[in-house]
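Read through the structure below, which is laid out as structure tokens, and then see the notes.
The values are calculated or read from the model by the stated rules, or taken from the named source; none is laboratory data. These numbers were taken from a predicted model, which means no experiment stands behind them. Neighbour counts are summed over all protein chains in view; Cβ atoms, including those assigned to glycine, are modelled from backbone coordinates with ideal geometry.
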Amino acid sequence: MKIPTLLQTFGGRNPQAASRNLPSTVRARRRAGFTLVELLLVLVILGTLAAIVYPKLAGRSEQARITAAKTQIAAFSTALDAFEVDNGYYPKGRTGLEDLITQPRDAVNWKGPYLKDIPKDPWGNDYIYEYPGKHNVNGYDLYSMGPDGRENTEDDITNWQTSGTRR
């Protein structure tokens, strides 16, 4: 009696026939995972996408802070104008924003508070208010020192427009 070899039992020289004749657990193991090359390819694709997308998103956060500062300056401007309509003058000095929350002694027609609180700018610094203004001679100057946190630099966000200042 002739005993068949393993190769003959599972399909001879035809690998597809051999695959069909293999027990199901062996076939399942062959199909059940990803190869190292497939995993590396996925990692390369994800790394490439991250390299393209991340710089675009990183710049957006700074732009969002600048927009938030501009919006807050506009809100201060609205409150300051309401104060001026009620009292006939803008709050005086560098601490004038506080007059939007607490009534100053000389404000007879004060109808505030005009704001709930005086927030910090998006970089954690105080907004700077000056009346009378140096740039707005008939009004007030209101600005954030911007991302660098220093006064009178190009990145200041202001309520006036100069050629070097972002608005």
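Would you confirm whether any residue within the range 107-116 is farther than 16 Å from residue 84 by Cα and assigned to a loop (DSSP other than H, G, I, E, B)?
Among the residues of the range 107-116, at least one is farther than 16 Å from residue 84 by Cα and assigned to a loop (DSSP other than H, G, I, E, B), which makes the answer yes.
Restricting to the range 119-147, give me the number of residues that are charged (D, E, K, R) and surrounded by 13 or more Cβ atoms within 10 Å (Cβ to Cβ).
Within the range 119-147, residues that are charged (D, E, K, R) and surrounded by 13 or more Cβ atoms within 10 Å (Cβ to Cβ) number 4.
Of all residues in the range 83-103, how many are in contact (Cβ under 8 Å) with a residue 12 or more places away in the chain, outside any loop (DSSP other than H, G, I, E, B) and within 17 Å of residue 136 (Cβ to Cβ)?
The total comes to 3.
So residue 130 ticks every box in (1) modelled with pLDDT under 90; (2) under 22 Å from residue 155 (Cβ atoms); (3) of a type in the set (Asp, Glu) but one. Which box is left unticked?
Of the numbered conditions (1) modelled with pLDDT under 90; (2) under 22 Å from residue 155 (Cβ atoms); (3) of a type in the set (Asp, Glu), the odd one out for residue 130 is (1).
Does residue 79 meet the test of being at pLDDT 90 or above, among the aliphatic types (A, V, I, L, M), surrounded by fewer than 14 Cβ atoms within 10 Å (Cβ to Cβ) and not in a loop (DSSP other than H, G, I, E, B)?
It is false that residue 79 is at pLDDT 90 or above, among the aliphatic types (A, V, I, L, M), surrounded by fewer than 14 Cβ atoms within 10 Å (Cβ to Cβ) and not in a loop (DSSP other than H, G, I, E, B).
I'm checking my understanding of the structure. Among residues of the range 122-148 that are among the acidic types (Asp, Glu) and in contact with a Lys or Arg (Cβ under 8 Å, 6 or more places away or on another chain), which one is nearest to residue 77 (Cα to Cα)?
141
More than 30 Å from residue 62 (Cα to Cα), within 32 Å of the chain's Cα centre (by Cα) and surrounded by fewer than 17 Cβ atoms within 10 Å (Cβ to Cβ) - does that describe any residue in the range 95-118?
Within the range 95-118, one or more residues are more than 30 Å from residue 62 (Cα to Cα), within 32 Å of the chain's Cα centre (by Cα) and surrounded by fewer than 17 Cβ atoms within 10 Å (Cβ to Cβ).
From the set of residues in the range 128-150 that are assigned to a loop (DSSP other than H, G, I, E, B) and within 20 Å of the chain's Cα centre (by Cα), which is nearest to residue 92 (Cα to Cα)?
By that ranking, first place goes to 145.
When you scan the range 56-82, how many residues do you find that are more than 16 Å from residue 155 (Cβ to Cβ), touching a residue at least 40 places away in the same chain (Cβ under 8 Å) and aliphatic (A, V, I, L, M)?
Residues flagged as more than 16 Å from residue 155 (Cβ to Cβ), touching a residue at least 40 places away in the same chain (Cβ under 8 Å) and aliphatic (A, V, I, L, M) within the range 56-82 amount to 2.
Can you find even one residue in the range 32-47 that is surrounded by 11 or more Cβ atoms within 10 Å (Cβ to Cβ), more than 18 Å from residue 141 (Cα to Cα) and at pLDDT 90 or above?
So far as the range 32-47 goes, no, none of its residues is surrounded by 11 or more Cβ atoms within 10 Å (Cβ to Cβ), more than 18 Å from residue 141 (Cα to Cα) and at pLDDT 90 or above.
Pairs needed: first member in the range 132-152, at negative phi; second member anywhere, of a type in the set (Ser, Thr, Tyr); C-beta distance under 6 Å; at least 6 residues apart or different chains.
What qualifies is 133/140; 140/90; 140/131; 142/129; 143/158; 144/127.
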